[in-house]
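Every read-out reported here was derived from the displayed coordinates using simple, explicitly stated rules and does not represent laboratory data. All values derive from a computational prediction rather than experimental measurement.
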Amino acid sequence: MGIEEKVPGEILLTTVESLVNWTRKASFWPATFGLACCAIEMMSTGGPRYDLGRFGMEVFRASPRQADLMIVAGRVSQKMAPVLRQIYDQMPEPKWVLSMGVCASSGGMFNNYAIVQGVDHIVPVDMYLPGCPPRPEMLMDAILKLHEKVMAEPLGDKRRAARDALASREDALAAFPSSNDASAAREGASAVPPGSMPSSYRFNAKRRAQWLEAVREGREEQLRVENWMKDRAAEEERGSWSGGAR
């Protein structure tokens, strides 16, 4: 009783893009990486009651070089941010990031100098999961939605065309500062993938212009890290990095 008995003539036709994306989404290996209370919910999701093994991803890898999914489970402190970024850089391509909980997504209740106000300032995020903390069922739902996103990812020339279209659309939105014009520019265009632009960049004209230029040059990740380091240095200069104590 296998799939070969359901396929007439033992022949199955598909595309390379569909086959590659199917193998990727059906074999996620998350990194063993927990930051706060959301990590407890993530651990229970991998247990027998919820059983992530049904989706081919029960193996939480201890080495980032063997992982392709980072679940940011909990708040990200300024001291932990460089470590998180290093782990992300050590993960092989292709890789995805799931921001679990409101603290990881926006800083949550920790609106202070010690917590990064959104992990999208450090790494690109593919899926946001709300909640404080989100239940295991919510995490599984977010993972299944990430599966859908992976299945729809273009490859080769289609991927390059999608990247050019995204850059053109960001240019169009930047050209319309008012909300009404921006809404008009969005009509007929595909949705911007989560993580395409850090949240705070959208409301800062200078940062938004830097991001658009970086997209054209293909160095978004370099800009993301550079600006975070500049912000950190500025806070150290003001004394807020150490809570005002020098």
message = How long are the semi-axes of the equivalent ellipsoid of segment 46-160, defined as square roots of 5 times the Cα gyration tensor eigenvalues? Whole Å, largest first.
response = 23, 19, 15
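Under 20 °C and 1.002 mPa s, how fast does segment 11-55 diffuse according to Stokes-Einstein, given a Kirkwood radius computed over C-alpha pairs? Answer in µm²/s, whole number. The partial results should precede the final answer.
Values: Rh = 12.9 Å.
Translational D for this selection: 166 µm²/s.
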